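S.K.: Here's a structure for you.
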Amino acid sequence: MGKLTRAWIEAVRFRTLPVSVAGVVTAVAYALADGVFQGAPALLCLLFALLCQVASNFANEYYDYRAGRDRAGREGPRRGVTEGDLTPRAMKYATFGVLGVAACVGLALTYWGGLWLIAVGALIGLFAIAYSAGPWPLSTHCMGEVAVFLFFGIIPVNFTYYVQALSWSASVLAASASIGLMGANVLIINNYRDADEDLAVGKHTLANTLGRRAMPWLYFANALAAVVLMAPGWFALPCGWLAAPLVYLVGALAITLRMARMHGHALNHLLGITAMSMFAYSLLFLLAQAA
């Protein structure tokens, strides 16, 4: 594999993409439970979510480079633009190219959900960029976790369900908050790892505002709240499926304890585990509903 190909693969940040998938999978599980599942719009929602996350990842790399918020040899995964593997111009074009493809996919969803979804799609695209760019980048003002909660939890879960059911659901809303909290935990580890580097370049995150000591326990509090929010859905299933949220919670506690003892590159592994455990949690819920 060539150096250029590796740089683009790293820029996509495959390790974090399960966060997007989990939201759509959770919505599909509730659609199955309610007898309203439709494969085509659900698949388009999955593609839209993945494309928007990739565009946001590209934008984050490009705009953090432009603002001087990335440094060569950083603790996190290698950034191709900062390291000189990719040109800023190429990353800028890739950002808006992927966002354009996402917009086309989003337009197709109006067939099921109505033209008013265009406004929702435009808002999602705007915030994919505003996370890292603009006069008040969310990622530099302690709003990263809130953005993830909304745009990887509340919005994708509820709207994926809506384009299938053409209605809203209180249980789906609770589940969307659950998935949002799990997704925020991925960013908590990311910002916990980068706390010192971010502070040095003037990037304000929860990790360097609340302090490193608080972050592992915020991680566990999010995980606990996430399980509680979806508890009614699990309790409605045969009792054997209750092992899934219990295992997730035990794993979250183990990660919490390990976070408190780890620094730097070692945390990259926990970030990947957090994203995959979130995906596994949603997938098991889907399998339980399909059984």
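The values are calculated or read from the model by the stated rules, or taken from the named source; none is laboratory data. Remember, predicted model here, so these are calculated numbers, not experimental data. So basically every Cβ, Gly included, is an ideal-geometry build from the backbone, and we count neighbours across all protein chains shown. Please note that ligands, DNA and RNA were not included when accessible areas were found on the heavy atoms of the full protein model with its side chains. Shrake-Rupley method; radii C 1.70, N 1.55, O 1.52, S 1.80 Å.
S.K.: Contour minus end-to-end for HIS269 and LYS3, with contour as 0.36 nm per residue of separation and end-to-end as the Cα-Cα distance?
M.R.: On the way: separation 266, 0.36 × 266 = 95.76 nm, distance 2.25 nm.
Taking 0.36 nm per residue and subtracting the Cα distance, the gain is 93.5 nm.
S.K.: In addition: Work out the charge dipole of the range 121-214 with +1 on the Cβ of Lys and Arg and -1 on the Cβ of Asp and Glu about the Cα centre, then indicate which of SER171, HIS204, PHE127 is farthest towards its positive end.
M.R.: Checked the options; the winner is SER171.
S.K.: Just to confirm my numbers, what's the Cα centroid distance between the range 2-44 and the range 101-130 in Å?
M.R.: Rounded to whole Å, the Cα centres lie 16 Å apart.
S.K.: Compute the distance in nm between two label points, each set 7 Å from the Cα along the Cα-to-Cβ direction, one at LEU166 and one at LEU253.
M.R.: Taking the simple label geometry, LEU166 and LEU253 are separated by 4.7 nm.
S.K.: Would you mind working out the accessible area per residue for the chain, using a 1.4 Å probe, and quoting it in Å²? Intermediate results must be reported in sequence, preceding the final value.
M.R.: Details: 12700 Å² over 291 residues.
That works out to 44 Å² for each residue.
S.K.: Would you work out which of CYS104, LEU117, SER139 lies farthest towards the positive end of the dipole of the range 60-144, given +1 charges on the beta-carbon of Lys and Arg and -1 on that of Asp and Glu, about the Cα centre?
M.R.: Positive-end residue among those listed: SER139.
S.K.: Please return the longest stretch of the chain lacking exposed loop sites, where chymotrypsin sites (Phe, Trp or Tyr not before Pro) count only if DSSP places them in a loop and at most 16 other Cβ atoms lie within 10 Å. Mind showing how you got there, number by number?
M.R.: Working: sites that count: TRP116, TRP168.
Excluding the exposed sites themselves, the longest stretch runs over 169-291.
S.K.: Return the whole-Å distance between the Cα centroid of the range 173-234 and the Cα centroid of the range 255-269.
M.R.: 14 Å
S.K.: Okay, next question. Give, as ranges by residue number, the residues of the range 247-278 whose backbone N falls under 20 Å from the point 7 Å along Cα→Cβ of ARG213.
M.R.: Taking a point 7 Å out along Cα→Cβ of ARG213, the residues of the range 247-278 whose backbone N falls under 20 Å are 256-264.
S.K.: Using 0.36 nm per residue, how much length does the chain from VAL146 to ASP34 gain when fully extended, once their Cα-Cα distance is taken away?
M.R.: Here the segment from VAL146 to ASP34 would lengthen by 37.4 nm.
S.K.: State the percentage of accessible surface on the range 137-224 attributable to carbon and sulfur atoms; use a 1.4 Å probe and exclude ligands, DNA and RNA.
M.R.: Working: 2110 of 3060 Å².
That share works out to 69 percent.
S.K.: Picking from ALA252, ALA236, ALA147, which is most flexible by a Gaussian network model of the chain using Cα springs under 10 Å?
M.R.: Of ALA252, ALA236, ALA147, the most mobile in the Gaussian network model is ALA236.
S.K.: Among PRO18, PRO77, PRO135, which one shows the highest mean-square fluctuation when the chain is modelled as a Gaussian network with alpha-carbon springs under 10 Å?
M.R.: Among PRO18, PRO77, PRO135, the largest mean-square fluctuation in the Gaussian network model of the chain belongs to PRO135.
S.K.: Quick check on the chain: take the gyration tensor over C-alpha atoms, sort the square-rooted eigenvalues as a ≥ b ≥ c, and tell me if it's rounded (a/c under 1.5), prolate or oblate. Before the final figure, lay out each step's value.
M.R.: Working: a/c = 1.94, a/b = 1.22, b/c = 1.58.
Note, shape of the chain comes out oblate.
S.K.: If DNA, RNA and ligands are ignored and the probe is 1.4 Å, what is the ranking of LYS92, LYS3, LYS203 by accessible area, most exposed first? Write down the numbers at each step before the final one.
M.R.: Values: LYS92 80, LYS3 125, LYS203 25 Å².
From most exposed to least exposed: LYS3, LYS92, LYS203.
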